[in-house]
């Protein structure tokens with residue numbers, strides 16, 4: 001079963017508007033972390049925002065905020081005031097402990113966001 | 001802060017050549033480094049996890065004799081694709097983490113093309 005689900009292969013948004021990228025996850029571990037990364041066409045992976053399972057408040061970083069609904073197991077990324085430079089692939093990931101006690105990330109399939117001028 | 005440098009950014013070489021890719025954490029000590037492979041328009045596929053001074057942990061289906069990983073210091077890990085063939089052509093990207101509660105920070109990736 002897929003542990004990280006991003007149901008939107010592609011999204012469009014008008015410049016200056018807000019957009020929500022969906023992410024749901026599945027885990028039985030009470031302690032976990034959720035991440036969002038951005039990958040422009042040039043290929044680099046850029047860390048955007050992190051939410052811990054025990055964090056009481058939703059994470060925010062500038063124009064990025066994470067709408068964390070623990071009971072629904074969702075961690076949607078909200079980008080406010082979209083800019084042309086926001087056009088990229090966005091990946092949601094969850095951290096769990098692997099056999100070597102290293103906290104590897106489980107990745108979603110990504111959402112391609114296009115910002116229209 | 002948290003800069004990871006990956007080199008080279010692009011490699012084109014003949015079949016049978018071995019290729020070494022370096023991943024360096026420039027401003028922090030990386031207790032753990034991760035190596036990923038990414039096919040076009042797909043998500044990241046974890047190949048292996050390496051800890052400084054110990055053997056890498058490979059994911060199922062990844063040949064450890066084909067993809068040699070060395071993590072000799074807290075700031076450097078290398079991936080060597082031995083006797084590369086065209087099917088090894090891909091985008092390889094590394095990440096480094098400063099600790100169990102720290103995010104992974106990524107290098108810019110290496111586009112490997114085997115002719």
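FYI, it's all coordinate maths here, none of it is from the lab. Note that this is a predicted model, so its numbers are computed, not measured. FYI the Cβ positions are ideal-geometry reconstructions off the backbone, even for glycines, and counts take in every protein chain you see.
Values computed for the structure shown
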item: Pairwise FRET efficiency - residue A:5 versus residue B:66, Cβ, R0 = 22 Å, nearest 0.05; result: 0.10
item: Mean Cα-pair separation over length for the stretch B:1-53, i.e. relative contact order, pairs under 8 Å, 6 or more apart, %; result: 31 percent
item: Protection proxy ranking of B:23-31, B:64-72, A:50-58 - average other beta-carbon atoms within 10 Å, highest first; result: B:23-31, B:64-72, A:50-58
item: 10 Å Cβ neighbours from other chains, averaged over peptide B:73-80; result: 0
item: Whole-number percent relative contact order across chain A, with pairs defined as alpha carbons under 8 Å at least 6 apart; result: 36 percent
item: Estimated inter-spin distance, residue B:111 and residue A:78, nm [label 7 Å along Cα→Cβ]; result: 3.7 nm
